[in-house]
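Down below is the structure, laid out as structure tokens.
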Amino acid sequence: HVGKNVSDADLARHARFLSGMGVNMVRVGGASPGLMPQAEGAKLTDTNESFLQDVWRTVAAMKREGIYTRVSPFWDHGSVKHIDPDWGIEGYASGDTLNALLFFEPTLQNAYKMWMKRLLTEPNPHTGIALKDDPALAIVQIVSEDSLFFWWLDRVKGGPRRLLEQRFAEFVAT
């Protein structure tokens, strides 16, 4: 999160320092909340504007110094401040973690696709080109440090838990 809460000049200075030290790739993200919406009353398909701008700004600053960027847009360790019942994730409320759900829960998967579409296809205001077309974007880590086999499985509840159990039962029956 080097691009967060620093001036453009400080970010550029940091990029020059890293380049001078021989760094050729940095990671943006990998910590909460990533692209997930944070504002109370936000729709699940809304994008966390602050993170989006930080990514675009950091990619541009690093690119100017010849440094590639790896973006980690989703890492949920209890980072959702507000979960609206209208989101349609039954059994989840503000303060809950959505860990593991990205692997199988269609509502969250659809929202993730919307977030990623914005991140990758809208022109970066600092470079004028979309990240999908920018060779400075080296890697997109789809999800960071999450798995159905991590300790999150016991925390899956409500509608997502029933869906997961149903899918597992169908798998075992085949």
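For the chain, carbon and sulfur atoms together expose 56% of the accessible surface, with a 1.4 angstrom probe and every protein chain in place. Seen from every direction in turn and averaged, the convex hull around the alpha carbons of region 11-98 projects onto 5.9 nm². Restriction of the chymotrypsin sites (Phe, Trp or Tyr not before Pro) in region 68-166 to DSSP coil positions whose beta-carbon has at most 13 other beta-carbons within 10 angstrom yields PHE149, PHE150, TRP151.
For region 67-75, the Karplus equation 6.51 cos²θ - 1.76 cosθ + 1.60, evaluated at θ = phi - 60°, returns couplings of 10, 7, 10, 10, 10, 10, x, 9, 7 Hz by residue, with Gly and Pro reported as x. Taking the convex hull of the alpha carbon atoms in region 80-155, what volume per residue do you get, in Å³? For region 80-155, the hull spanned by Cα atoms encloses 120 Å³ per residue.
With θ taken as phi - 60° and the Karplus curve 6.51 cos²θ - 1.76 cosθ + 1.60 applied, the whole-hertz 3J(HN,Hα) list for region 81-93 is 6, 10, 10, 7, x, 5, 5, x, 9, 4, x, 10, 9 Hz, x standing for glycine and proline. Ligands, DNA and RNA are left out, and with a 1.4 angstrom probe the accessible area of the chain is 52 Å² per residue. Residue-wise HN-Hα couplings along region 157-174, as the Karplus relation 6.51 cos²θ - 1.76 cosθ + 1.60 with θ = phi - 60° gives them from phi, are 9, x, x, x, 5, 4, 4, 4, 5, 4, 5, 5, 4, 5, 5, 5, 6, 8 Hz; Gly and Pro carry x.
Residues within the reach of a label modelled at ASP96 (point 7 angstrom out along Cα to beta-carbon, backbone nitrogen below 18 Å), restricted to region 148-174, are 148, 151-167. Debye-formula intensities of the chain, expressed as log10 I(q)/I(0) at q = 0.12, 0.15, 0.17 Å⁻¹, are -0.60, -0.85, -1.02 (one equal scatterer per alpha-carbon, no solvent). Shown here for region 24-118: trypsin sites (Lys or Arg not before Pro) in loop regions (DSSP other than H, G, I, E, B) with at most 11 other Cβ atoms within 10 Å, of which there are none. In this simple spin-label model, placing a label point 7 Å from the Cα along the Cα-to-Cβ direction at both ILE139 and VAL23 gives a separation of 1.5 nm.
The values are calculated or read from the model by the stated rules, or taken from the named source; none is laboratory data. Keep in mind that what you see is a predicted model, and the values were worked out from it rather than measured. Positions of Cβ are backbone-derived with ideal geometry, glycine not excepted, and every protein chain shown enters the neighbour counts. Each accessible area value is taken on the protein alone, full model and side chains, heavy atoms only, with ligands, DNA and RNA left out. Shrake-Rupley method; radii C 1.70, N 1.55, O 1.52, S 1.80 Å.
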